[in-house]
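Working notes for the structure below.
Bear in mind these aren't lab numbers, they're just calculated from the coordinates by the rules spelled out. Every value quoted in this text rests on a predicted model; they were computed, and no experiment measured them. Here Cβ is always computed from backbone atoms with ideal geometry, including for glycine, and neighbour counts include all displayed protein chains.
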Amino acid sequence: MQISEIILSSLLALIIGIFFLGLARKIMARIHWRYGPPITQPVIDIIRMFSQKGISHGSIFNFGLIFSLTGSFVVILFLPFGKMCPLSSGGLLVILYLMLLAPLGIALSSGEAANPNSSIGVSRKFLLALGYEVPLLLILLAVMTHYHTISLIEIVRIQANTGWSFGSLPLVLSGIAYFLILPAILGIRPFEISGAAQEISSGPKVEFGGKFLAFSTIQHALHEFIGISLFVNLFLGGWDLFGILEPISNTVWGIILGIIIFLIKMVIIFVIEIFINAVFPRFRIEQAMKYLWKWPTLLSFIGLLIVVLFN
Amino acid sequence: MDRNKICKWLKNPGKMAHKYSFHVVYFCTGCGIIEIPPFITARWDAERFGIIPVATPRQASLFLITGYVSTKTLKAIIRTYEQMPEPKYTVALGSCPINGGMYYDSYNTITSLDKYIPVDGYIAGCMPRPEAIFIGVTHLWKLIDMDKADGYQRYREDYVHYRANQEQLYGKMDWPPLFSEENI
Amino acid sequence: MMNELKQKLLSDFNDIEVNIPEDNRMIVSTKKESVLSILIYLKKLGYNHLALVSCNDWIDDNEFELIYIISAYQKNDEQYQDIEKSSIIVKTRISREKAKFITIIDIFENAEPYEREIHEMFGINFEGHPRLTPLMLERNYKIPPFRKDFDTNKYVENTFGKIPSIKERKEGNK
């Protein structure tokens with residue numbers, strides 16, 4: 001049962017992540033009043049990239065990329081997808097640690113690439129991660145304190161009984177703060193700083209060609225999936241919709257409907273983020289850090305205080 | 001997608017994917033740089049064909065030479081072309097890479113690009129309109145289907161002759177040959 | 001205003017020709033020895049912007065003609081009111097065999113790239129120029145390319161035309 005959950009969860013996350021990439025390009029094109037590529041365009045891109053003979057710069061170059069891809073896959077196994085959650089020991093703390101494996105892997109391979117553009121891109125990536133980790137930690141502390149648990153499955157189950165945490169009074173500020181830092185976690189504009197094509201020749205990806213670029217695209221898709229799925233699980237109730245799925249929660253129909261409701265919530269949040277992506281230019285890294293350490297940190301800190309006082 | 005296309009996709013997915021996803025090197029030489037922004041922006045949208053510009057040659061598969069080529073630019077073009085991963089295609093816009101074009105008697109521009117790097121197709125015009133560039137892209141699809149767009153294989157097999165041409169133009173070159181006898 | 005300047009110039013210098021083709025434009029033709037003093041004189045009167053240094057090749061007269069275009073964009077003297085919009089062209093002729101002249105960097109500092117380009121394209125040597133290295137070209141030419149006896153068709157045939165196509169090379173090898 002668990003093996004099938006692991007395989008199914010990873011496969012579904014991969015498919016949904018790549019679908020999100022295609023959906024992003026299509027919606028951006030329609031906002032620009034043009035037709036845009038077909039939604040399956042990232043699949044065609046990845047097949048083409050796999051059939052090209054990229055150039056490797058050494059063994060750490062290969063290893064770093066595999067390392068970051070593995071890191072993203074492992075985080076997916078800890079996130080409840082619908083009702084399935086293959087690995088559940090450690091919950092939120094493990095997720096918080098493992099989310100930093102992906103930038104570390106990219107840093108290893110771009111260090112081996114010896115291109116100044118990739119060094120600049122990686123340093124900005126880590127600075128941005130430093131920027132959003134501070135409010136993220138405060139938000140997670142607030143959620144864990146309110147529900148008295150670190151397990152993500154428990155949080156989703158309690159929300160199925162008592163309503164979404166976004167709507168419950170102590171956690172409103174934390175929810176708003178998470179929504180404010182979500183573009184930084186996903187790496188979309190205005191925080192598309194590390195992968196900027198025009199400024200630093202696409203940052204860490206500058207020396208990737210062929211299959212390395214394909215892996216990098218897959219890793220980017222998985223990273224976006226993780227960011228949105230964490231938000232939906234923590235604040236928007238996960239796989240349930242005001243408790244209507246509680247009676248059939250253990251049947252096959254329950255699992256399938258849970259996945260569908262989860263996906264609908266993810267698509268809505270993703271489309272809102274694409275609208276934000278279409279409108280904003282890019283920040284500089286110091287503007288991004290100033291923003292991330294000002295209002296979202298303040299809101300999440302006040303949210304933490306409210307939760308502590310409430311309990 | 002009808003049955004014919006599905007069969008083609010299943011038989012050789014790499015070739016079909018090469019047709020429908022061109023990542024273009026953003027290397028703008030010559031006069032054609034003014035025709036590239038209309039080509040990729042909202043009015044004549046090139047992204048519906050899968051064409052998108054990327055920042056580095058390492059990520060690209062199509063190289064557009066957009067106009068006349070002076071001897072200084074040719075050095076940069078050769079270095080960029082050699083960095084792209086294979087399979088790669090080259091398309092030359094305008095009449096200057098074909099036979100020198102308007103600058104046929106200039107002391108500084110080359111008269112025929114095919115002697116130095118392999119070119120898969122030319123799009124005639126001075127400069128061609130975006131509609132002509134789209135027709136050129138569909139011709140390139142046909143060539144890829146027929147396995148005739150083999151510029152990169154010609155470069156690999158006849159590298160001795162290409163290098164001899166480059167050295168006859170420049171004298172001593174600053175970088176060593178790309179393919180030696182061992183790794184062809 | 002230009003007429004007053006013309007009278008002033010004619011009275012202060014000899015061997016000089018001044019004509020005014022239209023309002024606010026003046027062409028001064030002089031000998032090559034008095035170019036520097038005329039430029040310094042005009043600069044003191046407010047024409048302190050060097051717009052261009054150019055060159056003409058009169059191959060029939062066996063002479064080069066150096067052209068300096070200066071204009072005024074700052075009000076310097078109360079006598080001259082509409083001084084912002086006028087420009088003056090100063091022309092001299094130098095010999096074509098031994099093409100050399102003196103640099104005007106001491107008067108106008110921004111003449112450095114223009115003189116470098118003229119040295120590269122015409123072959124005129126400017127004495128006192130700190131850096132007469134090639135600016136745009138990267139090959140060596142026997143005759144500088146902008147001279148009128150540089151045969152472009154023959155050069156293209158000898159350099160680019162002699163390089164065979166790949167097919168010809170492969171057939172020649174066999």
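Given N residues in the stretch A:14-125, what is its alpha carbon radius of gyration divided by 2.2 N^0.38 Å? Please report the intermediate quantities before stating the final value.
On the way: Rg = 17.2 Å, N = 112, 2.2 N^0.38 = 13.2 Å.
Taking N as the residue count of the stretch A:14-125, the ratio is 1.30.
For n ≥ 4 DSSP H runs only, could you compute -39500 (n - 2.57) per run for chain A, divide by its residues and tell me the 222 nm figure to the nearest 500? Spell out each step's value before the answer.
Details: 13 runs with 220 residues, N = 311.
My calculation for chain A gives -23500 deg cm²/dmol from helical runs alone.
Can you give me the convex hull volume of the Cα atoms of the stretch B:1-67, divided per residue and expressed in Å³? All intermediate terms of the calculation are to be shown ahead of the outcome.
On the way: hull volume 6.3 nm³, N = 67.
Residue-normalised Cα hull volume stands at 94 Å³.
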message = Can you tell me the orientation of helix A:116-147 relative to chain A, as the angle in degrees between its alpha-carbon axis and the longest Cα principal axis, to the nearest 10?
response = 0 degrees
note = Computed D for chain A, Stokes-Einstein, Kirkwood radius over alpha-carbon pairs, 25 °C, 0.890 mPa s, to the nearest µm² per second, is 122 µm²/s
task = Identify, among C:I70, C:G123, C:Q7, the residue whose Cα sits farthest towards the positive end of the charge dipole of chain C, taking +1 on the Cβ of Lys and Arg and -1 on the Cβ of Asp and Glu, with the dipole about the Cα centre.
result = C:G123
message = For a bin width of 10 Å, list the pair-distance distribution of chain C built from all Cα-Cα distances, rounded to whole %.
response = 9, 31, 28, 16, 8, 5, 3, 1, 0
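Could you line up B:D158, B:D45 from fewest to most neighbouring Cβ atoms inside 10 Å?
Details: B:D158 17, B:D45 20.
Least to most surrounded, the residues fall as B:D158, B:D45.
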key: Exposure proxy order (Cβ contacts within 10 Å, fewest to most) of B:H23, A:H223, A:H148   = A:H148, A:H223, B:H23
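What is the ratio of the Cα radius of gyration of chain B to 2.2 N^0.38 Å, with N the residue count, to two decimals? Walk me through the numbers before you get to the answer.
Values: Rg = 16.8 Å, N = 184, 2.2 N^0.38 = 16.0 Å.
Taking N as the residue count of chain B, the ratio is 1.05.
Kirkwood Rh over Cα pairs of the stretch A:185-311 into Stokes-Einstein at 4 °C, 1.567 mPa s: D in µm²/s?
On the way: Rh = 17.6 Å.
Reported coefficient: 73 µm²/s.
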request  = Please list the non-local residues whose amide H lies under 5 Å from the amide H of B:Y89, H modeled 1.01 Å from N, same-chain partners needing a gap of 5 or more.
outcome  = B:L62, B:F63
request  = Determine ³J(HN,Hα), in whole Hz, for all residues of the stretch B:24-36 in sequence, where each value follows from phi through the Karplus function 6.51 cos²θ - 1.76 cosθ + 1.60 and θ = phi - 60°; x replaces Gly and Pro.
outcome  = 9, 6, 7, 9, 10, 9, x, 7, x, 5, 7, 9, 7
key: Cut-off under 5 Å, modelled amide H: who pairs with C:L52 long-range   = C:I69
task = Relative to the longest principal axis of the C-alpha atoms of chain A, give the angle of the C-alpha long axis of helix A:172-186, reported between 0 and 90° and rounded to the nearest 10°.
result = 20 degrees
request  = Tell me the Kirkwood hydrodynamic radius of the protein assembly as shown in angstroms, computed as one over the mean inverse distance between distinct C-alpha pairs.
outcome  = 30.3 Å
query = Quick one: Karplus J couplings for the stretch A:217-229, per residue in order, coefficients 6.51, -1.76, 1.60, θ = phi - 60°, nearest Hz, x for Gly and Pro?
reply = 5, 5, 5, 5, 5, 5, 5, 5, 4, 5, x, 6, 5
remark   = Expressed in µm² per second, the diffusion coefficient of the stretch B:87-184 from the Stokes-Einstein equation, with Rh the Kirkwood radius over alpha carbon pairs, at 37 °C and 0.692 mPa s, is 218 µm²/s
Amide proton proximity set for B:Y68, modelled H, under 5 Å, gap of 5+ = B:C31, B:G32
request  = Could you tell me the largest-minus-smallest coordinate of the C-alpha atoms of the stretch B:42-117 on each of the three principal axes, in descending order and whole angstroms?
outcome  = 39, 30, 17
message = If I fit a long axis through the Cα atoms of helix A:41-50 and take the longest principal axis of the Cα atoms of chain A, what angle between them do I get, 0 to 90°, rounded to 10?
response = 50 degrees
ask   = Using the Karplus equation 6.51 cos²θ - 1.76 cosθ + 1.60 (θ = phi - 60°), what ³J(HN,Hα) coupling, rounded to whole Hz, does each residue of the stretch C:26-37 give in order, writing x for Gly and Pro?
value = 9, 10, 10, 10, 8, 7, 6, 6, 9, 5, 5, 5
